[in-house]
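Asks: First, the structure itself, so that you have it in front of you.
The values are calculated or read from the model by the stated rules, or taken from the named source; none is laboratory data. The model shown is predicted, which means the values in this text are computed figures rather than measured ones. Every residue, glycine as well, gets a Cβ built from its backbone with ideal geometry; the counts of neighbours run over all protein chains shown.
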Amino acid sequence: MPALEQHISQYQKNKQLLEQSCFDIENTDYPEWVVTILFYTAVHLIEAELAKYSQHCLNHKTRNKAVIAVENCKPIFPEYETLYRQSKKARYDCTIFTPKKIKQIWSLFERIESHLKVS
């Protein structure tokens, strides 16, 4: 299982990826990938937090339960759950995301990021 530092490093790399011009919210041809990357960026933030408690999740189901169970993660569960659902729509349902919708989803990620004190 990756250590806390590895999760932080992957979070940072994912954020750098989102800064690439091809993922600009207003002009991207890949809105589903913006949503997917946002979700997995949040996953690494959450996994970093869980690692502080020696918890490591092997799948989404156990992570969803861990987010509810860990006191510092519990307040962000609604945002995380919505981000999870939206990423599933992006990955499996071929949902079309407008720039407005991506901004709403991005704000969910920012709340998670802010709560976990990483920027």
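Asks: Just checking, how many residues over the range 108-118 are closer than 19 Å to F23 by Cα and surrounded by fewer than 17 Cβ atoms within 10 Å (Cβ to Cβ)?
Replies: 1
Asks: Which residues, counting only those in the range 60-76, are over 14 Å from F39 (Cβ atoms) and either more than 14 Å from the chain's Cα centre (by Cα) or loosely packed, with under 15 Cβ neighbours inside 10 Å (or both)?
Replies: Listed by number, the residues that qualify are K61, T62, K65, A66, I68, A69, V70, E71, N72, K74, P75.
Asks: Further question: For the range 53-99, enumerate the residues that are at pLDDT 95 or above and among the hydroxyl-bearing types (S, T, Y).
Replies: Those that are at pLDDT 95 or above and among the hydroxyl-bearing types (S, T, Y): Y80, T82, Y84, S87, Y92, T95, T98.
Asks: Please go through the range 20-70 and pick out each residue that is of a type in the set (V, I, T) and more than 20 Å from R85 (Cα to Cα).
Replies: Answer for the range 20-70, where residues must be of a type in the set (V, I, T) and more than 20 Å from R85 (Cα to Cα): T28, V70.
Asks: Another question about this same structure. Taking the range 63-102, which residues are under 25 Å from C22 (Cα atoms) and either polar (S, T, N, Q) or part of a loop (DSSP other than H, G, I, E, B) (or both)?
Replies: The answer is T82, Q86, S87, D93, C94, T95, I96, F97, T98.
Asks: Looking at S54, is it in a helix (DSSP H, G or I), surrounded by fewer than 15 Cβ atoms within 10 Å (Cβ to Cβ) and free of Cβ contacts under 8 Å to residues at least 12 places away in the same chain?
Replies: Working: in a helix (DSSP H, G or I): no; surrounded by fewer than 15 Cβ atoms within 10 Å (Cβ to Cβ): yes; free of Cβ contacts under 8 Å to residues at least 12 places away in the same chain: yes.
Spelling it out, it is not the case that S54 is in a helix (DSSP H, G or I), surrounded by fewer than 15 Cβ atoms within 10 Å (Cβ to Cβ) and free of Cβ contacts under 8 Å to residues at least 12 places away in the same chain.
Asks: Specify which of the listed residues (I105, I46, I8) is touching a residue at least 60 places away in the same chain (Cβ under 8 Å), assigned to a helix (DSSP H, G or I) and surrounded by fewer than 18 Cβ atoms within 10 Å (Cβ to Cβ).
Replies: One residue alone meets the criteria, I8.
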